[in-house]
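The values are calculated or read from the model by the stated rules, or taken from the named source; none is laboratory data. No experiment lies behind these values; they were computed from the predicted model shown. Cβ placement follows ideal geometry from the backbone for every residue including glycine, while neighbour counts extend to all protein chains displayed.
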Amino acid sequence: MPLKIAGIDLINPLIVASGFLGLSQSIFNRLHKLGAGVIVSKSISLLPREGYINPTIIPINGNSYINAVGLANPGLECFSKEISQNDVPLIVSIVGSKPEEFPEIVNKLKNLNILGFELNLSCPHVEKMGMEIGDDPKAVYDIVKSIKNNSSKPLFVKVEIGNTDIIYELKKNIEIPIIGCGGILSYKDVVEYMMAGASAVQIGTVLGFEGLNSFNKILRGLNKYLESKNYSDVSELTGTAQRY
Ligand SMILES: Cc1cc2nc3c(=O)[nH]c(=O)nc-3n(C[C@H](O)[C@H](O)[C@H](O)COP(=O)(O)O)c2cc1C
């Protein structure tokens, strides 16, 4: 099910969402072996962050988590060493509070073997980071510019949307590829997101509840669906709902 997004070759449209299953190179390798098209790292900040005191992740209803981890991570220096020998398709999620922090992060990582960056503007529970910045168009502009000025690698900007109606509207109005994320538990959810306009999707929670093999289960379902509808290429699904 190969496809291309923003110049990146993916073996399939399933991407591991940021924050799931840690930050170690060994887990990235394992996820890749299990069928993840691309893995997004947990968000990395310039300096280490301890995050909030546990419990920070609570499962509810057998299919969701409430979480407030507080962007805990070992910081740029330590993470760049961890992934220095990386050879799996990895996007590094980055987070910060000021435009000045991003050139340092990007310059340290850009020559490593990574596909690109994801800017986390979606975190709802840390002051002056993530979603709070996402609500300020000038700050978003300055941060995106500071990243793009320092690296030619693809940059994905992660904002809080999490619903197919909004992806449908976005697809009507913008040309850049959209990656859907939020609530994807089965191949049907993947089909729905892609028909609305997503070029690929990210999954997180389902890996926690159904285990790492959920990749294969979703991919098998998606394959069967594509065959039954005579699609020859998974990217043909993108935006099909826009025609109706
Ligand atoms: C425990 C946990 C940690 C997360 N950490 C991050 C993070 O560091 N950066 C980020 O952009 N999103 C983070 N997220 C959000 C996920 O990447 C994803 O957007 C969200 O869980 C919705 O997708 P899902 O319904 O497939 O889980 C985290 C989510 C959880 C549950």
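Among the residues making up segment 1-55, those that are closer than 17 Å to PRO74 by Cβ and more than 16 Å from the ligand (Cβ to nearest atom) are GLN25, SER26.
Every test in (1) at pLDDT 95 or above; (2) under 17 Å from the mean Cα position of the chain (by Cα); (3) closer than 27 Å to ILE60 by Cα is passed by LYS188 save one, and that test is (2).
Among the residues of segment 48-79, those that are at pLDDT 95 or above and out of contact with any Pro (no Cβ under 6 Å at 6 or more places or on another chain) comprise ASN73, LEU76, GLU77, CYS78, PHE79.
May I ask you to list the residues in segment 9-25 that are of a type in the set (Ser, Thr, Tyr) and modelled with pLDDT under 90?
Initial filter on segment 9-25 (of a type in the set (Ser, Thr, Tyr)): 18, 24.
The answer is none; no residue qualifies.
The C-beta contact set for segment 1-28 (first residue aromatic (Phe, Trp, Tyr), second residue part of a helix (DSSP H, G or I) and surrounded by 15 or more Cβ atoms within 10 Å (Cβ to Cβ), distance under 6 angstrom, 6+ apart or interchain) comprises PHE20/LEU207.
State whether the residues of segment 158-172 include one that is touching a residue at least 40 places away in the same chain (Cβ under 8 Å), over 20 Å from the mean Cα position of the chain (by Cα) and more than 30 Å from PRO103 (Cα to Cα). The answer is yes; a qualifying residue exists.
Could you grab me the full set of residues in segment 116-138 that are away from the ligand (no atom under 16 Å from the Cβ) and either of a type outside the set (D, E, K, R) or touching a Pro at 6+ places or on another chain (Cβ under 8 Å) (or both)? Show your work before the answer.
Applying the first criterion (away from the ligand (no atom under 16 Å from the Cβ)) to segment 116-138 yields 136-138.
Matches in segment 116-138: PRO137 only.
Table: residues versus (1) of a type in the set (Gly, Ala, Ser); (2) within 14 Å of the chain's Cα centre (by Cα); (3) farther than 30 Å from TYR231 by Cβ.
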position: PRO2; (1), (2), (3): no, no, no
position: LEU10; (1), (2), (3): no, yes, no
position: SER18; (1), (2), (3): yes, yes, no
position: SER26; (1), (2), (3): yes, no, yes
position: ASN29; (1), (2), (3): no, no, yes
position: GLY35; (1), (2), (3): yes, no, no
position: VAL38; (1), (2), (3): no, yes, no
position: SER43; (1), (2), (3): yes, yes, yes
position: TYR52; (1), (2), (3): no, no, yes
